[in-house]
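Before any comments, here is the structure.
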Amino acid sequence: TVFYFFDNNKLWREGYALNEKYTNMNMYADAYFEFVALLKEKYGKPKKQETTWSNDLYKNRISERGMAYAAGHVATLTIWDHGDTEIAAYIRGNDFKITVTITYSDKNLESAYRKKENEKNKSQL
């Protein structure tokens, strides 16, 4: 699935979400890490790569890493800087549904959008 975010007719983020339906949850993690490997080939070493565990039940069981993502126990984010663009790959899960996304964000336009949204939210307090 392709998605776009606009503000004042300006595209500030576009991305892709994996919409495959796998019965083996590990396939989502395999797809994510394959995407990350391809992005590393194209953009080089990432600026940031982090995996955050909220529950380590599956942490040392690589054969069940898909279940760890599906249960929401772990999320992994990888970010690259490429000029005015930030590229991010993300895998996370909730309620046994796993989301794998890759986004491309214009750093300047996103910053302006976030600032405007923050001001709008403050005005509603």
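The values are calculated or read from the model by the stated rules, or taken from the named source; none is laboratory data. Keep in mind that what you see is a predicted model, and the values were worked out from it rather than measured. All Cβ positions, even for glycine, are placed from backbone atoms using ideal geometry, and neighbour counts span all protein chains on display. These accessible areas exclude ligands, DNA and RNA; they are computed on the full protein's heavy atoms, side chains included. Shrake-Rupley method; radii C 1.70, N 1.55, O 1.52, S 1.80 Å.
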I need the chymotrypsin sites (Phe, Trp or Tyr not before Pro) found in region 78-108, filtered to DSSP loop residues with at most 14 other beta carbons within 10 Å of theirs. Phe96
Compute, for Asp56, the solvent-accessible surface of its heavy atoms (probe 1.4 Å) with the complete set of protein chains present, and express it in square angstrom to the nearest 10. 110 Å²
Full extension from Lys122 to Thr99: what is 0.36 nm times the residue separation minus their Cα-Cα distance, to one decimal in nm? 5.2 nm
Using alpha carbons only, how many degrees (0 to 90, rounded to 10) separate the axis of helix 26-43 from the longest principal axis of the chain? 50 degrees
When each of Lys47/Lys116; Lys47/Lys97; Lys48/Lys107; Lys10/Lys116; Lys45/Lys97; Lys10/Lys107 is checked by Cα-Cα distance, pairs over 18 Å: Lys47/Lys116; Lys47/Lys97; Lys45/Lys97
Got a sec? Charge dipole of the chain, +1 on Cβ for Lys and Arg, -1 for Asp and Glu; which of Gly93, Gly72, Ser54 is way out at the positive end? Ser54
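Under a 1.4 angstrom probe, counting protein chains only, how are Leu57, Leu11 ranked by accessible area, largest first? Mind dumping the intermediate values first?
Details: Leu57 95, Leu11 65 Å².
Order by accessible area, largest first: Leu57, Leu11.
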Virtual spin-label span in nm between Asn24 and Thr85, 7 Å along Cα→Cβ: 3.3 nm
Angle check, please: helix 107-123 long axis (alpha carbons) against the longest principal axis of the chain (alpha carbons), in degrees 0 to 90, nearest 10. 80 degrees
Taking the chain and dividing mean pair separation by its residue count, relative contact order in percent (alpha carbons under 8 Å, at least six apart): 25 percent
